[in-house]
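**Q** One structure is given below, represented as structure tokens, and several questions about it will come after.
The values are calculated or read from the model by the stated rules, or taken from the named source; none is laboratory data. Everything numeric here is computed off the predicted structure, so don't read it as measured data. Cβ placement follows ideal geometry from the backbone for every residue including glycine, while neighbour counts extend to all protein chains displayed. Note: areas computed on protein heavy atoms with side chains; ligands, DNA, RNA excluded. Shrake-Rupley method; radii C 1.70, N 1.55, O 1.52, S 1.80 Å.
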Amino acid sequence: MNIGENIRDLKAELPSDVKLVAVSKFHPANMIMEAYEVGQRLFGESRVQELLQKQPLLPQDIKWHFIGHLQTNKVRQIIGKVALIESVDSVKLLELIDKESQKCGMVTEVLMQIHVAKEENKFGFYPDELLEFFNNNKFEQYRSVKIRGVMGMASNTDDNNRVREDFRRIHSAYLSIKKEIGNELPDFNILSMGMSGDWPIAVEEGSNLVRIGSSIFGSRI
Ligand SMILES: *Cc1c(COP(=O)(O)O)cnc(C)c1O
């Protein structure tokens, strides 16, 4: 695996308005440094403990995205440590991130996770559920979080039609929400979709942030 080359190849293929999160979960700090050395600054981790272990070993100008299921008892540990929590999958979690951020006197940026995939074990709000949350202006009470957009995953399948359909549903939910609350939340502008196996379809379907791991770092043991 030539990590630097993989990053450069991906950057050459991605449209300039699509940001790349290099998903470094399960990979050690020295591999992250290889990506850093070719200019990558955005990295994604899915476990709190692992993130907190690696972070001090690496340059301070890295921006970390948390992309995994965040357990409520771990929220406090990552406030102030991450640039964006992409995986807010319940109102309870949003509430807690808000509360803990307020205690630290900071505002935490987040994405709301949408569930459209056929797998039941994926986390997130169903599109209707999330629309209802925004239609009722429930987000307005949370002053210490800034909701920047949505994140979603397509079904894990070889059926590209299904994958495309999943991304369309996520994009469409994103647009409906934006229409509803765009005036109140002018920075609601991130649509995070696409991983190693499906990012080209995600980009065709409107993604502006892709989360790519194995195509950069190789498979996870
Ligand atoms: C692991 C992970 C990725 C990256 O997956 P790859 O297939 O290795 O690119 C992207 N998003 C989420 C939420 C993940 O957990």
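**Q** So if I check each of 53, 40, 71, which one is away from the ligand (no atom under 13 Å from the Cβ) and free of Cβ contacts under 8 Å to residues at least 12 places away in the same chain? Break it down into steps so the answer makes sense when it comes.
**A** Details: 40 fails: free of Cβ contacts under 8 Å to residues at least 12 places away in the same chain; 71 fails: free of Cβ contacts under 8 Å to residues at least 12 places away in the same chain.
The match here is 53.
Okay, residues lined up against (1) part of a loop (DSSP other than H, G, I, E, B); (2) closer than 30 Å to residue 104 by Cα; (3) in contact with a His (Cβ under 9 Å, 6 or more places away or on another chain):
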| residue | (1), (2), (3) |
| --- | --- |
| 152 | no, yes, yes |
| 163 | no, no, no |
| 166 | no, no, no |
| 170 | no, no, no |
| 175 | no, no, no |
| 186 | yes, yes, no |
| 191 | no, yes, yes |
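**Q** Would you check if residue 126 is away from the ligand (no atom under 13 Å from the Cβ) and within 17 Å of the chain's Cα centre (by Cα)?
**A** On the way: away from the ligand (no atom under 13 Å from the Cβ): yes; within 17 Å of the chain's Cα centre (by Cα): yes.
In short, yes.
**Q** Run residue 157 past the list (1) away from the ligand (no atom under 16 Å from the Cβ); (2) more than 14 Å from the chain's Cα centre (by Cα); (3) on the phi < 0 side of the Ramachandran plot and report the number of the one that doesn't hold.
**A** Residue 157 satisfies every listed condition except (1).
**Q** Further question on the same structure: Please work out which one of (1) open to solvent by less than 50 Å² (accessible area, probe 1.4 Å); (2) farther than 16 Å from residue 88 by Cβ is the condition residue 150 fails and give its number.
**A** Only one criterion in (1) open to solvent by less than 50 Å² (accessible area, probe 1.4 Å); (2) farther than 16 Å from residue 88 by Cβ is unmet by residue 150, namely (2).
**Q** To continue, here is another question. Could you list, in sequence order, all residues of region 175-196 that are free of Cβ contacts under 8 Å to residues at least 40 places away in the same chain and open to solvent by less than 50 Å² (accessible area, probe 1.4 Å)? Explain how you work it out, then say what you get.
**A** Taking region 175-196 and keeping what is free of Cβ contacts under 8 Å to residues at least 40 places away in the same chain, we get 175, 178-179, 182-183, 186, 194, 196.
Of everything in region 175-196, those that are free of Cβ contacts under 8 Å to residues at least 40 places away in the same chain and open to solvent by less than 50 Å² (accessible area, probe 1.4 Å) turn out to be 182, 194, 196.
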